[in-house]
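All remarks here apply to the structure that follows.
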Amino acid sequence: MGKLERIAKKIGKVRKASEANLSGRGRNKNHSSPYESQHSIASQLKEDLLNEYSGKDFLSETEFERISTDYGETLHLREAVDKSLVTPDSSRPEILSDLKLVYGIGSVREKELKEKGYDTVEELVDHEKWGEKAETVQDLFRGELAGAYDLLRRWKSLSHPSFLRLSGLFEKKQFAIVDIETLGLSNQPVFLLGLAHTGNSGMVVHQFLAEDLDQELATLINFSEHLDERELILTYNGKNFDIPYIERRLAYYGQRKKFPHPHLDLYLFTRKVLGHRTRDCKLGTIEQSVLGVERDLDVPSSMVPDFYSAYREEKNPGPLLPILAHNRQDLLSLADLYRELIEEALHGNK
Amino acid sequence: MEISRIVESLKDQDWYEGQIEHLELLPERKAEYGQANFDERIKSFLERKGLDLFSHQSRAIKLINEGRDVIITTPTASGKTLAFNVPVFDRMLNDSDSRALYIYPTKALSQDQLETIKDMEADLGLDLEPRVYDGDTPRDQRPGIRKRSRIILTNPYGLHHYLEWHHKWKDFFSNLDFVIMDEIHSYRGVFGSNVAMLVRRMERIFDHYGSDPQFILSSATIANPLEHSRKLVGREFSLISEDSSFRGRKKFLFWNPLTNPDNSAHNQTSKLMAHFVNHDLQTLCFTLSRRLAELISEWCSGRTDAPVRAYRAGYRPEERREIEEGLRTGEIRGVSATNALELGVDIGGLDAVIISGYPGTITSSWQQAGRAGRGREDSLVVLVGFENPLDQFFLKHPREFFDREHEHAILDLDNPNITMGHLACAATELPIREGEDLRQTYSGEIDALIDNDVVQDTPNGAVFSGTYRASGAVKLDNINETTVKIIHNGKLLETMDLAQAYREAHENATLLHQGKTYIVKDFDLEEGVAEVRWKEVDYFTQAISESDLEITRQLEKKKAGDVVVSFGEVSVSEHYSHYKEKKYDRVLDVHPLELPPLEFDTECSWFHVPESILTNVEEKGLGARGGLHAIEHAIISLTPFYAMCDRWDIGGFSARNPLEEGGSIFIYDAYEGGIGIADEVYELLENLLERTYELVMDCDCEEGCPSCIYSPKCGNDNDPLDKEAAVYILEKLGERFVY
């Protein structure tokens, strides 16, 4: 038994080694100091929280509720927030003024058609040659907008302003802002999934939390059910990270679910529209330089796994609290960033 | 000229002094042919290529068609590849969804075999998009390969990291009908055990996607092919081992360079090679090190006008391919290579093979010898025995070589050092569910992982709970991952691992690459870069190191007779303190080196020699340190017989302890963390010491010789050594051990 213990500990040491690498990424000594100071402030925060919340119970410290699902128990928090989601006041004709949405029409034909007075796809429905195809496009924009999204995807890059315009056609209530917290970047468990949407007044923030890793599947399922009620996903880098990550974790448990929702990844727009104004496109940087949000006592993303591990190992809710706050702030910042991007991309250039 | 006349003409050379110890004639063998059923299109493919199936190939095809898992162990150039490609392509022709995964031990082999597969694909008019998928595959091409390629070639190192992304391989894995694993004799020891665990991880993923592919394995000849296959894959296999292909007559020469002491073994090797090349024999010479591959080709080039090249790991792929092609077309007349050319790279048959130094295993020897033989022609193999007991033993006892059983390939699936890391990986790939084979076989290991929060037990199975990547906790082999880039004029010349760089890329070292000599101008350890300049000099350098060893933890202890034998963890450091400039065998100069020691932790077995014995030794006027050192060398020289390893896999250390507390001899694994050889030595030490005693005692030499206590890899230049002291100590230990 002693031997197996020893070897298991050796495997666990990989974590320590990789963490040491992160903080000591240090041949270029000049660059490491901001990271290191952030790291040590966060470590201090963790220690303080562990002291402060020693012996306390998570559920009595927060508004989370324990709920039962077919897949076991999980935690859920629903919080109303006095904040509104601003969406573009797009109109169908405005988007459909792009005749190139019709298969076969390029810039040259579009110009010719516009000169003949066909200003929108809707007007083109009566055209002898293009009418039938134009009607298909028109129907997509009148029906469920997922079809319109797919059509746009065929022709436009995901950072094209058309997607921002299209999002304006969705009802506000259909938006789901999503952000997750995980133990790693590849195939480690996800333990917190945040989802914000517009409520009857203001916004509602949901947080789906795995109390421990044995609740991961129940948490994923509970989150998925809430996400399925919405029609449009809004994330920051979720196209590459959050959504595939969630799908991978579901598949890990044999739940082969894909989220078909149209997806607005604000990271892509930010890079294009605001990138020149900031030193990088991390959400934290954008918050400071564009949105004017200052977070106090934040846990840096790279230390989120460490905080959650500390919570699990010490059975102490302290280190979990800043992660929840971090996730909540990410969701709310996305609402602000969305508004900012609409200003910049759709109105700024006019 | 005929082979036998060329061999005779060796005796007329002024450097010939009776080196031929033995000449073995291997007779011709007639081919036998067979029939098998398969698609008409494959039949006409074989006809177009003028291929008749040998009976071992047809039997393999029949067994594969029956759905059996098959292991083929016929020698190099007997048509193994065709035996499994025929049934695979037969399936591909008739099932448009079917997929096959080919696993090779090296990247170079995957590339080589891809060409063969592409030829067959093109000839059959199929569109399978066969592709290599490994660390060199550009990221943007990977999704397309996973989706469209019906044949993918890869290696275990890559698979180890790809498996956790199995969702991306769903289409491929769901339709997988065949897994081909070539050269499985290289999957032995620790590396092989890691691959066996990897196979088990693959199998549970295949199962997850509802596929159950057939396994087809191939191997060089080993003693235990069925057992090895079963342990590697966890299934029962059918064996094809009878080679029914044609084999021409072969002359196998044993060459003892010691009879001409004025010429080193390496020097004589290059003369032999030049002699053969000059007599129009296309010759492949296998050497034991990268440096020797370079030196021998260089020295040989000085003795012939024919194109002669070196071939070794570290070359860029395009350099390697050019040499392979040159060998196939016959343009290149001689190549001196490391064992990088031992595996199935397609270079055609050669007229002559020189095995310069016993490669450590019978299996390797025959693999290398198998490169000789072209069509109906006679061929020649020369084993140049080195100045070490193993080589000398074979030269003096040829029957021991020719009649000796091939080595057993040993796998250890019960070694938690190996299995537990893979269990963590498996839990990352899919939860390890109650009732799964893995869970039942390794319940103790999984419990330990749960207790230490590497995985967490959940209602859905054991789930990986780390914040790191489990695959990072497992290394399939012990190749040092720290690499040093050799830069010439701002361009990458080659790469080598750190230990090699200490020997070959320290400041002012001569570095040989493709027959050119470079001098290392600057060795930046921190950045892992060595800058070299091209400069033809007539010397080469050799770094000299001293080792130190510190016991960090004693894990086990036993008494054998009166002698205490221990096993535990040690820290070994290698300090490269100076280097020599040499011309051929002559030392021109010695310079100091300033390098921090290379340190690693490993496992070790050691025993104590009582003070009373050593005091007696000294009273007789003999050297106690020399005696201990001699025993250490002799044990190491014999260890390859006991654990399937190379002499270079283990290290030794001996010391006369201060304060008259006797002496100690240490045998350790020359790999970080240990690989189980020292553990084996601990178990077998009595037996091993008895054989060591016989070896040293029975040797005819006076004060020690290369055949008993001289080591070709000694960091201390075989100094001090005292044979008489060694015999005395071994004899006295024998009384205590009762051997």
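Length gain on complete extension for the stretch B:F246 to B:H578, per 0.36 nm per residue less the alpha carbon to alpha carbon distance?
Roughly 114.3 nm would be gained on extension.
Please say if chain B is rounded, prolate or oblate, where rounded means a/c under 1.5 for a ≥ b ≥ c the square roots of the C-alpha gyration tensor eigenvalues, and otherwise the choice is prolate for a/b larger than b/c and oblate otherwise?
Oblate is the answer for chain B, as a/c is 1.5 or above yet b/c matches or exceeds a/b.
Near the amide H of B:S547, under 5 Å away, which other amide H atoms are found, from residues 5 or more places off or on another chain, if H is placed in the peptide plane?
Residues meeting the criterion, in which the H sits 1.01 Å from N, are B:H575.
Compute the FRET efficiency between A:S186 and B:I551 as 1/(1 + (r/R0)^6), taking r as their Cβ-Cβ distance and R0 = 45 Å, and round to the nearest 0.05.
0.70
To the nearest 100 Å², how much accessible surface do chains B and A hide from each other in total, with a 1.4 Å probe?
For chain B against chain A, roughly 3300 Å² becomes buried.
Using a 1.4 angstrom probe and counting only protein chains, how large is the accessible area of B:H408 in Å², to 10?
80
Describe numerically, in nm with one decimal, the distance between label points set 7 Å from Cα along Cα→Cβ at B:D346 and at A:K282.
5.2
Checking the table A:K133/A:K239; A:K13/B:K231; B:K271/B:K582 against a 23 Å threshold on Cα-Cα, which pairs fail?
Table pairs above 23 Å Cα-Cα are A:K133/A:K239; A:K13/B:K231.
Please work out the ratio of the alpha-carbon Rg of region B:423-473 to 2.2 N^0.38 Å and round it to two decimals.
0.99
How large is ³J(HN,Hα) for each residue in region B:685-700, as worked out from phi by the Karplus curve 6.51 cos²θ - 1.76 cosθ + 1.60 (θ = phi - 60°), to whole Hz, x for Gly and Pro?
So the Karplus estimates, Gly and Pro as x, are 4, 4, 4, 5, 5, 5, 5, 5, 4, 4, 4, 6, 4, 7, 6, 6 Hz.
I want to verify the translational diffusion coefficient of region B:404-505 in µm²/s; compute it with Stokes-Einstein, Rh as the Kirkwood radius over Cα pairs, at 4 °C and 1.567 mPa s.
The calculation lands on 78 µm²/s.
Just the Cα atoms of region A:92-159, one point each, no solvent: what log10 I(q)/I(0) does Debye give at q = 0.20, 0.24 Å⁻¹?
Result of the Debye calculation: -0.75, -1.06.
At a 1.4 Å probe, which residues in region A:158-199 are at least 10 Å² less accessible with all protein chains present than in their chain isolated?
Listed by number, the residues meeting the 10 Å² cut-off are A:L183, A:S186, A:N187, A:Q188, A:P189.
Can you tell me which of B:328-338, B:129-139 comes out highest on packing, and rank the rest after it, using the mean Cβ neighbours within 10 Å?
B:328-338, B:129-139
In chain B, what % of DSSP beta bridges are antiparallel (nearest 5)?
Just about 60 percent of them are antiparallel.
Report, in listed order, any pair from B:K485/B:K580; B:K251/B:K580; B:K107/B:K485 with a Cα-Cα distance greater than 27 Å.
Correct reply: B:K251/B:K580.
Just checking the output field for B:448-457: average partner chain Cβ neighbours within 10 Å of each residue's Cβ?
Other-chain Cβ atoms within 10 Å of each residue's Cβ, averaged: 6.
Taking the C-alpha atoms of chain A, how large are the radius of gyration and the largest Cα-Cα span, Dmax, in Å?
23.5, 85
Compute, for region B:483-606, the length of the dipole vector about the Cα centre, with Cβ point charges of +1 (Lys, Arg) and -1 (Asp, Glu) only. Units Debye, rounded to 20.
460
Can you give the mean number of other chain Cβ atoms that lie within 10 Å of the Cβ atoms in peptide A:207-213?
Counting Cβ atoms of other protein chains within 10 Å of each residue's Cβ and averaging gives 2.
Note the per residue figure in Å³ for the convex hull of the C-alpha positions in the protein assembly as shown.
Convex hull of Cα atoms, per residue: 216 Å³.
Taking Cα pairs under 8 Å and at least six residues apart, what relative contact order does region B:423-473 come out at, in percent?
Value for region B:423-473: 43 percent.
Of the listed peptides A:262-270, B:564-572, B:265-273, what is their order by residue-averaged count of other C-beta atoms within 10 Å, with the highest listed first?
So the order, starting with the most tightly packed, is B:265-273, A:262-270, B:564-572.
Pick out, from B:H506, B:A372, A:F163, the residue whose Cα sits farthest towards the positive end of the charge dipole of the protein assembly as shown, with +1 on the Cβ of Lys and Arg and -1 on the Cβ of Asp and Glu.
Going by the charge dipole, the pick is A:F163.
At 1.4 Å probe size, put A:L4, B:L350 in order of accessible surface, largest to smallest.
Largest accessible area first, the residues go A:L4, B:L350.
For region A:219-331, what does the convex hull of the Cα positions come to per residue, in cubic angstrom?
125
Run the simple label-point estimate for B:D140 and B:V564 please: 7 Å along Cα→C-beta, distance reported in nm.
Reported label-point gap for B:D140 and B:V564 is 6.6 nm.
Could you please state how large a percent of the accessible area of region B:40-240 is carbon and sulfur, counting protein chains only and using a 1.4 Å probe?
Whole-percent figure for carbon plus sulfur exposure: 45.
Whenever you get a sec, line up A:W155, A:W130 from highest to lowest accessible area (probe 1.4 Å, protein heavy atoms).
Putting A:W155, A:W130 in descending order of accessible area: A:W155, A:W130.
If you take the beta carbon distance between A:E128 and A:W155 as r and set R0 to 25 Å, what does 1/(1 + (r/R0)^6) give as a FRET efficiency, to the nearest 0.05?
0.60
When the chain is fully extended, how far beyond the present Cα-Cα distance does B:E400 get from B:E322, taking 0.36 nm per residue of separation?
24.2 nm
Quick one: pull the percent of accessible area on region B:423-473 belonging to carbon and sulfur, 1.4 Å probe, ligands and nucleic acids left out.
Carbon plus sulfur share of accessible area: 40 percent.
For the pair B:R48 and B:D538, what calculated FRET efficiency results from E = 1/(1 + (r/R0)^6), where r is the Cβ-Cβ distance and R0 = 51 Å, to the nearest 0.05?
For R0 = 51 Å, the calculated efficiency reads 0.40.
If you average the sequence gap of Cα pairs under 8 Å that are 6 or more apart and divide by the length of region B:483-537, what percent do you get for the contact order?
Computed value for region B:483-537: 34 percent relative contact order.
How much accessible area per residue does the protein assembly as shown have, counting only protein heavy atoms and a probe of 1.4 Å, in square angstrom?
For the protein assembly as shown, the per-residue accessible area is 43 Å².
Give the shape of region B:92-165 as rounded, prolate or oblate, defined through the alpha-carbon gyration tensor: a ≥ b ≥ c are the square roots of its eigenvalues, a/c under 1.5 means rounded, and otherwise the shape is prolate if a/b is larger than b/c and oblate if not.
prolate
How long are the semi-axes of the equivalent ellipsoid of region B:546-737, defined as square roots of 5 times the Cα gyration tensor eigenvalues? Whole Å, largest first.
The answer is 25, 22, 16 Å, longest axis first.
How big is the charge dipole of region B:483-537 about its Cα centre, in debye rounded to the nearest 20, if each Lys and Arg gets +1 on its Cβ and each Asp and Glu gets -1 on its Cβ?
Value, rounded to 20: 280 debye.
Lys/Arg Cβ at +1, Asp/Glu Cβ at -1, dipole of region B:483-537 taken about the Cα centre: which of B:V529, B:H488, B:T517 is farthest positive-ward?
Towards the positive end, the residue furthest out is B:T517.
Counting only protein heavy atoms and a 1.4 Å probe, tell me what percentage of region B:483-553's accessible area is made up of carbon and sulfur.
Carbon with sulfur: 42 percent of the solvent-accessible area.
Based on Cα positions only, what radius of gyration and what Dmax would you give for region B:483-537, in angstroms?
9.7, 29
If you put +1 on each Lys and Arg Cβ and -1 on each Asp and Glu Cβ, how big is the dipole of region A:65-117 around its Cα centre, in Debye rounded to 20?
400
Determine the calculated [θ] at 222 nm for the protein assembly as shown from helices alone, applying -39500 (n - 2.57) to every DSSP H run no shorter than 4 residues and normalising by the residue count; nearest 500 deg cm²/dmol.
Result for the protein assembly as shown: -12000 deg cm²/dmol, rounded to the nearest 500.
Provide the solvent-accessible area of B:W165, counting protein heavy atoms only and rolling a 1.4 Å probe, rounded to the nearest 10 Å².
60
Give the cross-link partners of A:K9 among the lysines, using a straight C-alpha distance below 25 Å as the criterion and excluding same-chain residues fewer than 8 apart.
Within the straight-line limit of under 25 Å, A:K9 reaches these lysines: A:K46, A:K315, B:K475, B:K557.
Considering the options B:F607, B:F653, B:I709, tell which one lies farthest towards the positive end of the dipole of region B:546-737, charges being +1 on Lys and Arg and -1 on Asp and Glu at the Cβ, about the Cα centre.
B:I709
How high is the relative contact order of chain B, in percent, with contacts defined as C-alpha pairs under 8 Å that are six or more residues apart?
11
The values are calculated or read from the model by the stated rules, or taken from the named source; none is laboratory data. On a predicted model such as this, the values are computed, not experimentally measured, just so you know. Reconstructed Cβ throughout: ideal geometry from the backbone, glycine too, with neighbour counts over all protein chains shown. The protein model used for the area step is the full one, side chains on, heavy atoms only, and it has no ligands, DNA or RNA in it. Shrake-Rupley method; radii C 1.70, N 1.55, O 1.52, S 1.80 Å.
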